[in-house]
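Report on one structure; see the data block that follows.
The values are calculated or read from the model by the stated rules, or taken from the named source; none is laboratory data. It should be emphasised that the depicted structure is a prediction, and the values quoted were computed from it without experimental measurement. FYI the Cβ positions are ideal-geometry reconstructions off the backbone, even for glycines, and counts take in every protein chain you see. When the accessible area is computed, the model is the full protein with side chains, heavy atoms only, and any ligands, DNA or RNA have been set aside. Shrake-Rupley method; radii C 1.70, N 1.55, O 1.52, S 1.80 Å.
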Amino acid sequence: MRLKSVVIVIAIVTLLTGCWDHREISEITVVVGMAVDKGDDDKFTLTIEGINAKELSDKTASGFAPSVVFSLKGDTLAELSQKMNIGISKNLIFSHMKVLVIGESVLREGILDFIDFLERNREIRDDFNIVTARHVKAADILKVTFLVQKSSSLKLHTQLNSFVESWGGDPDIRLNDFIQAYTSAGKRGVLAALTINGDPKKGGSVDNMKKGAPDAMVVVDSMAILKKDKLLDFLPLKDTRNYLWLINKLEKTVVTVECSKNKFLGVRIFNTVTKSKGSLVKGRAIINLKIRAEAYLDSTQCKDDDLTQIKTFKKFGKLTDKQIKKDLETTIKKLQQNYEADIFGFGEILFRQDYNNFKRIEKQWDEYFKEAIVNVDVNVKIRRSGIRTKSPFSEKK
Amino acid sequence: MAPSRPNRRLLKKPIKIEDKLRNTEKKVEEKKESFDLTVETLPSEVINAFGNSADIKMIEGIISERNVKILFLESMVDSTSLKETTSKFLSSISPIGEYLKNIDELSAYCKGIFGGASYKIVSSKDESIHEIINGSVVIVVEHIDKALAVNIMNGEKRSVAEPTSQTVIRGPKDAFIESISTNVSLIRRRIRNKNLRFEQYTIGEDTQTTVYLGFFKGIANEAIIQEVRNRLKKIKVSAIFESGNIEELIADKTFTLFPLALNTERPDTVAANLMEGKMVILIDGTPFALIVPAVFVNFFESPEDYYQSFFLGSFLRMIRYLSFMIALLTPSIYVGVLTYHHELLPTTLLLSVIAQREGIPFPAVVEVLVMEITFEILREAGVRMPRVVGQMVSIVGALVIGQAAAEAGIISNIMIIIVSITAIANFVSPIYSFATASRLLRFLLIFFAAILGLYGVLLVLVAMVAHLAALRSFGVPYLAPIAPFIIEDQKDVFVRFPFWNMKKRPKYIRSESEQKVFSASPPSPSSMKGGNTS
């Protein structure tokens, strides 16, 4: 009898849980992108990009728009995201969201109000890129079609990932990164900033997708730096790479180094590691950064230098060290003096390595950051010179 | 119960006959002397006992003024041997009339002329009937109160051919046939050892089917042998035709999808299993032998694993485990993911699936069920159908059902991939009967995936494993040597170790003698100095 009741309870508990989140795949629209702008009277305008999957497959495509972009105004994203059927036919699923674009105006006022929704929602995952739109409305970013991925969000996701891998132009910020930066005392957040090259209106048409040189294109413009959840300013792209380098997230990049007057080297950096040490000495933060990198020579305009000699490589290596050191220090100085915003997480280094001292000055870290002494030590080893030793033009004799 | 258990059934039979004999004797005693076996009465009594069946025949002859009658079932005897036998008794040079005055002389004479062939002196009507049924001719001679039964059962059997359901590329190509004596000889030829024993049972009250229990004395566990004997003896049914009948009657549990005895038509598989300490049950009239005890992992072993390089053997074995999972899970995971867990698919795959399913009128579960059941129908048709129209089904099945359904937009292309991979993976199982488990459980899994998603799939799997863990085959835990985990036996479970390394017989069979490889040094280059190793 007891066994029977146990079996019944188990059966009820396990079997009566079903079906509530049942959604047939032909009854859903996949949301790949989300954009948040300021509403006119309301707090937000939420724009979503829902994929028209038929257009993305070569077999079924018939040349129509690859996605539906639809906007609604309201005060909470939670309500708006479930109200989209005002205009859209199928149920929306958010689990495959690739990009979140935050409008510049919203970012200036603070974005905390809707980040909570993104973090709390059970469908939304932490694997989409968070970016901001500069000069244009965030909604427009989602509308621009592209030749290859067709949908703007899918294109952006691929584009940003490739950019990180090849050059280091996207800080690669996910939800977690943003929240960590927000909650940490010793770190400020950043975001990649996108803009549209060309006419945003033309960019939304299917014709834009058919052109090799599109009327409008979404490009990575710069890097937005934040103070808590509010926009501070935009920094040029070069600083993005330096930022990644300093926080040891850079995968590969190319640096241009002047080897003699108006002649340049292209040095492809790979295998780079940044080690950071920090401490507070006599009320001043001292950060020592040690960058070790390997590189190969990708191009040289100084054809007089003999690449069969080791000393040439050493010389080029020294030049590269100097160039990188200069670049990094410029970026650090800019942030120290102009913005007092520690986006590099130097405060976190101190938090880990000199906890007791840091704890005392935690509240005034911004001022301490301004005064911090940052030593950058760069050592790049140039290993190879591509698949050629001597320049093809130096052999003409 | 008397201690002479082994052949209870065999012992019982004669007792019965004796009883009857006694009864008849009593009747006969009243009429005549103590004999019921005379050339006048026996033939008519036997013919009456067979109800004058069309195939009971009698040859009469008179040699030296003595009546000789030969009784036999035309359908059971070999006509050439019949001619020979009758000629020996009825020809003019037959010695019967001259000096065979009593049964001793007759049997001495028979010893001479039949040599090795089996003959028997019978002394009652029932005995003669028994012999006639088993393909003997019964010869009665006037003035001799016993009859002679000479077994000349016809050899109507096909020759040993290649296995049809358990084929290998490398390895012996012979398979069992319907004749039990041939099957025994196929095994005996592989194990030439006096310790290979066969015990005979007659099972089926009406069919009187011969069943052999074979084991290797000294390797097989005595307790398990005794258990098998007991279970065989307990069988009391009217008819036995196939090993499947026996399997259901002796299995520890019949309410399970998993086979608890391994059936095989390969003598080499039987021989190898006997040497591991298992038992074989051979049934007359079927080419499929049963190997007991059989555990879960045995159904993933093919004899070829041991004939090929152990790398390939191990690889193929893992492929089989993988295909079992594929056959079991693919359709249900498809249903679960498509209706509940869209987030599990990579975006591009999800989009491509959505694009394919655009315009499909059915929910995923209906689509899967329709296709799976269609496939089962095709498969059953393919097995039952006359060979001549066999090709039709493959054409109709593949082209019409598959391609046309997808083109008509009733089912999606990805569904065809799912059904095909499921079907193909299902055929990988080396033992056909094991595939039924994944074949049927699949539908349960689809059902649960449809109402509970992957959570439901997991629930069924948990229940399945619990069920497997509760099963036993002749006392051996079905999941052994995985649960209970036996580390020594792992050399022959998911991978196969090289022979020189597998020194012991599997522990879970509880063999009487564990050592299998006596000299266990791995092969290494010759230590001889010199030679051409410059």
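Assorted remarks:
- Per-region count, region A:270-298, residues buried (at least 19 other Cβ atoms within 10 Å of the Cβ) and within 24 Å of A:ASN357 (Cα to Cα): 6
- Region B:152-190, residues that are assigned by TED's automatic domain parsing to the domain that holds B:LEU282, of a type in the set (Val, Ile, Thr) and under 24 Å from B:GLN308 (Cα atoms): B:ILE187
- Meets criteria (open to solvent by 20 Å² or more (accessible area, probe 1.4 Å) and in contact (Cβ under 8 Å) with a residue 24 or more places away in the chain) for B:ARG387: no
- Counting only helices (runs of 4 or more DSSP H) that sit completely within region B:267-351, those holding 3 or more residues that are among the aliphatic types (A, V, I, L, M) correspond to B:267-276, B:310-339.
- Residues considered: A:ASP233, A:ASP221, A:ASP239. Of these, the only one that is assigned to a strand (DSSP E or B), in contact with a helix residue (DSSP H, G or I) (Cβ under 8 Å, 6 or more places away or on another chain) and within 17 Å of A:PHE163 (Cα to Cα) is A:ASP221.
- The criterion of at least 1 residues that are out of contact with any strand residue (DSSP E or B) (no Cβ under 9 Å at 6 or more places or on another chain), of a type in the set (A, V, I, L, M, F, W, C) and without any contact (Cβ under 8 Å) to a residue 60 or more places away in the chain is met by none of the strands (runs of 3 or more DSSP E) falling completely within region B:105-164.
- Hits in region A:111-144 - residues which are assigned to a loop (DSSP other than H, G, I, E, B), open to solvent by less than 10 Å² (accessible area, probe 1.4 Å) and farther than 12 Å from A:ILE196 by Cβ: A:ILE111, A:PHE128
- Note on region A:32-104: enclosed strands (runs of 3 or more DSSP E) holding 1 or more residues that are in contact (Cβ under 8 Å) with a residue 60 or more places away in the chain, over 24 Å from the mean Cα position of the chain (by Cα) and within 11 Å of chain B (Cβ to nearest Cβ) are A:91-93.
- Just so you know, in region A:240-273 the residues that are touching a Leu at 6+ places or on another chain (Cβ under 6 Å) and of a type outside the set (A, V, I, L, M, F, W, C) include one that is nearest to A:ASP177 (Cα to Cα), and it is A:ASN242.
- Within region B:330-369, the set of residues being under 45 Å from the mean Cα position of the chain (by Cα) and open to solvent by less than 20 Å² (accessible area, probe 1.4 Å) comprises B:PRO331, B:SER332, B:TYR334, B:VAL335, B:GLY336, B:VAL337, B:LEU338, B:THR339, B:TYR340, B:ALA364, B:GLU367, B:VAL368.
- The single condition among (1) outside any helix (DSSP H, G or I); (2) of a type outside the set (Phe, Trp, Tyr); (3) more than 24 Å from B:PHE324 (Cα to Cα) that B:PRO430 does not meet is (3).
- Subset tally (residues that are surrounded by 16 or more Cβ atoms within 10 Å (Cβ to Cβ), at pLDDT 70 or above and not polar (S, T, N, Q)) for region B:79-102: 4
- Qualifying residue in region B:293-316 (condition: farther than 17 Å from B:VAL495 by Cα and touching a strand residue (DSSP E or B) at 6+ places or on another chain (Cβ under 6 Å)): yes
- Index of the failed condition, B:ALA437 passing every other in (1) of a type outside the set (D, E, K, R); (2) surrounded by fewer than 20 Cβ atoms within 10 Å (Cβ to Cβ); (3) more than 14 Å from chain A (Cβ to nearest Cβ); (4) in a helix (DSSP H, G or I): (2)
- When residues in region B:452-492 are screened for being free of Cβ contacts under 8 Å to residues at least 40 places away in the same chain, in a helix (DSSP H, G or I) and more than 14 Å from chain A (Cβ to nearest Cβ), 9 of them pass.
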